[in-house]
Amino acid sequence: MIEGYLRADGRKGIRDAVLVVYLVECAHHVARRVVDAANDPGVQLVGFPGCYPNAYALAMMKALTTHPNVGGVVLLSLGCEGFNREELARTIAASGRPVETVVIQQAGGTRAAISAAQDAVETVRARADAAVQRVPMALSELVVGTICGGSDGTSGITANPAVGRAFDTLVDAGATCIFEETGEMIGCEGHMAIRAATPAVAQAIEASVHQAEAYYRAMGYGSFAPGNAEGGLSSQEEKSAGAYAKSGTRVIDGVIRPAEAPPGPGLYLLDVVPPGPPRFGFPNIVDNAEIAELIACGAHLTLFTTGRGSVVGSAIAPVIKVCANPETYARMGDDMDIDAGRILMGVATLADVGAEIVACVTRVAAGEPSRSEALGHQEFVLTYKDMAGEPADAAVPRGPACLVGSG
Amino acid sequence: MTIDAIRLSPDDNVVVTCRAVNQGATILVDGVALTAAETVPIGHKLAFTALDAGAGVIKYGMPIGSMTHAAQPGDWVHMHNMKSDYMPAHLRDATGDMAGEAA
């Protein structure tokens, strides 16, 4: 049974982290020293490097610091950066979570700020522990994201369709599932649109993939790395077809944007590509930027499929590794939760591995560390993005209009 | 049971290797014997039928690009003889240099 952490806002988490958040790179060192000194996997480091304000980064930080896996927050500011620390602190406090802000320029420099922030972590931890209630949590209350990284020719045959089987099981159980990266759905938009719950969702799916294609074309690179080719993938659309298998077969209930929570259970596509022409560069510079977006949409945990062999985890929410390639598993099995390459060896079926993934989700939700958690991985990436610009096709419904059961 | 390669959809004109296949090895896929023209690693594609230059490459029952050069059954199908119909891919060669767009 899953014993969740009930938060004041009524949401339930599967972990109980205290986040130490640097709000500019200038506060990173102080924050890292505080987290290192805590030496507690439940005290975690996240942050944003830039000095200029950014609405997307603020929205992401609000969603991440009030995520149900988070019990309390310590904000670390240098003092002069553009990040709106007051608004972030108000949002965290309004969610019922303890929050403390340490401003390095006010505290009196590095040593004083580290000392003040260590005290703040203890205060926040104590208040979070006093506030939290453990309650039963059903599989239907889980939000599960999926992503692929280091894909190869085996990913689309083993791990991705196995995650698709798991997604079908989870959606049927009433859970909320999110798949992502419209840039890795290029070529699949027609098939996805057929699975849309409504014509508005179908239109939003096609528009999001067309925008991804235009955006990546302008950037000059698709979402296709050299390792993908070494692993046997020959084109963006071949990679897409394999990635798309992660979504399973159920109806697609809506298209959401980063930091936007799905309005109800079901299956959702996370559109990560900004509208309009490129402004701040690649939509997500690396897998962990996408994992952070899935978490900001409420994902309690993420299923990460890999063929070449990724090792990353994440702050805030566990990452479960599903290894597609039996040769990779033989080399890197210590990093992997699921050996989906057995499908290629003829010793397991897609249904077997899909069921193993659901069982692993249940165990990790119940508190068992995933492999990346056990190995101490807590990666986190958040950079500049503009999700509020004008879409290339302004007639296409965005936001609530393209979600089922709204309006 | 060891599987050498699989054809993911009945419409596919390529098969995917389930293990490394050595040059000259003959493998049986859907009742058709294919002899690998060169050694191919796991997860790569072999032509299931003869493919003309310009022909669409079908995997998962979906188009995944077009042939830039012809291939015979058993030939390796990859970036040296096919390309994306959407956008070019980028490579990194063994020396670490970016090799730019695929052919």
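Readers should treat all values here as calculations from the given coordinates under stated rules, not as data from a laboratory. Predicted model only: the values in this text are computed from it and were never measured. Cβ sites come from the backbone with ideal geometry, for glycine too, and all protein chains shown count toward neighbours.
If each residue's Cβ is checked for other Cβ atoms within 10 Å, how do A:Asp36, B:Asp75, A:Asp337 rank with the fewest at the top?
A:Asp36, B:Asp75, A:Asp337
Give me the percent of DSSP beta bridges within the protein assembly as shown that run antiparallel, rounded to the nearest 5. Write down the numbers at each step before the final one.
Details: 30 of 71 bridges.
Roughly 40 percent of the DSSP beta bridges within the protein assembly as shown come out antiparallel.
Per q in 0.24 Å⁻¹, report the Debye log10 I(q)/I(0) for segment B:5-101, using one uniform scatterer on each alpha carbon and no solvent.
Values returned for q = 0.24 Å⁻¹ are -1.27.
Compute the distribution of all C-alpha to C-alpha distances in chain A, in bins of 10 Å from 0, and list the percent of pairs in each, rounded to whole numbers.
5, 24, 33, 26, 11, 1, 0
Please compute, for peptide A:150-161, the average count of beta-carbon atoms on other protein chains lying within 10 Å of each residue's beta-carbon.
Details: counts 0, 1, 4, 11, 6, 1, 6, 7, 2, 0, 0, 2.
Partner Cβ neighbours, averaged per residue: 3.
Over the whole of B:73-84, what's the average partner chain Cβ count within 10 Å per residue? Rounded to a whole number, please. Before the final figure, lay out each step's value.
On the way: counts 0, 0, 0, 1, 2, 7, 4, 1, 1, 3, 2, 11.
Per residue, the number of nearby Cβ atoms from other chains is 3 on average.
Can you list the HN-Hα couplings for segment A:22-27, worked out from phi with the Karplus curve (6.51, -1.76, 1.60; θ = phi - 60°), rounded to whole Hz and with x for Gly and Pro?
8, 9, 6, 4, 4, 9
List every residue whose amide H lies under 5 Å from the amide H of B:Ala25, counting only residues 5 or more places away in sequence or on a different chain, with H placed 1.01 Å from N in the peptide plane.
Amide H to amide H, under 5 Å and 5 or more residues apart or across chains, B:Ala25 pairs with B:Ala36.
With Cβ to Cβ distances under 12 Å as the rule, what net charge do the other residues near A:Val273 carry (K, R +1; D, E -1)?
Numbers: positive: A:Arg217, A:Arg257, A:Arg279, A:Lys385; negative: A:Glu180, A:Glu181, A:Glu184, A:Glu213, A:Asp271, A:Glu290, A:Glu293, A:Asp386.
Computed value for this residue: -4.
Antiparallel versus total DSSP beta bridges in segment A:2-135: what percent is that, nearest 5?
Here the antiparallel bridges make up roughly 25 percent for segment A:2-135.
Within 10 Å of each Cβ in B:11-18, how many Cβ atoms from other chains are there, averaged over the peptide? Don't skip to the end; give the middle numbers.
On the way: counts 0, 0, 0, 2, 0, 7, 4, 10.
Taking all residues of B:11-18 together, the mean is 3.
Per the helix-only calculation at 222 nm, which mean residue ellipticity applies to the protein assembly as shown, given -39500 (n - 2.57) for every DSSP H run of n ≥ 4 and division by its residues, nearest 500 deg cm²/dmol?
Values: 14 runs with 150 residues, N = 510.
Counting only the DSSP helices, I get -9000 deg cm²/dmol.
Could you list which residues have their amide H under 5 Å from that of A:Val43, counting only those 5 or more apart in sequence or on another chain, with H placed in the peptide plane?
Amide H neighbours of A:Val43, under 5 Å, 5+ apart: A:Val18.
Taking θ = phi - 60°, what integer Hz values does the Karplus form 6.51 cos²θ - 1.76 cosθ + 1.60 yield along segment B:70-80, in sequence order, with x for Gly and Pro?
Taking θ as phi minus 60°, the curve returns 6, 9, 9, x, x, 6, 5, 10, 7, 6, 7 Hz for segment B:70-80.
If neighbour count is taken as other Cβ atoms inside 10 Å, put A:Cys360, A:Cys148 in order from fewest to most.
Taking fewest neighbouring Cβ atoms as first place, the list is A:Cys360, A:Cys148.
Hey, what do the phi angles of segment A:299-306 turn into as Karplus ³J(HN,Hα) couplings, whole Hz, using 6.51/-1.76/1.60 and θ = phi - 60°, x for Gly and Pro?
Coupling constants for segment A:299-306: 4, 6, 7, 10, 8, 10, 8, 8 Hz.
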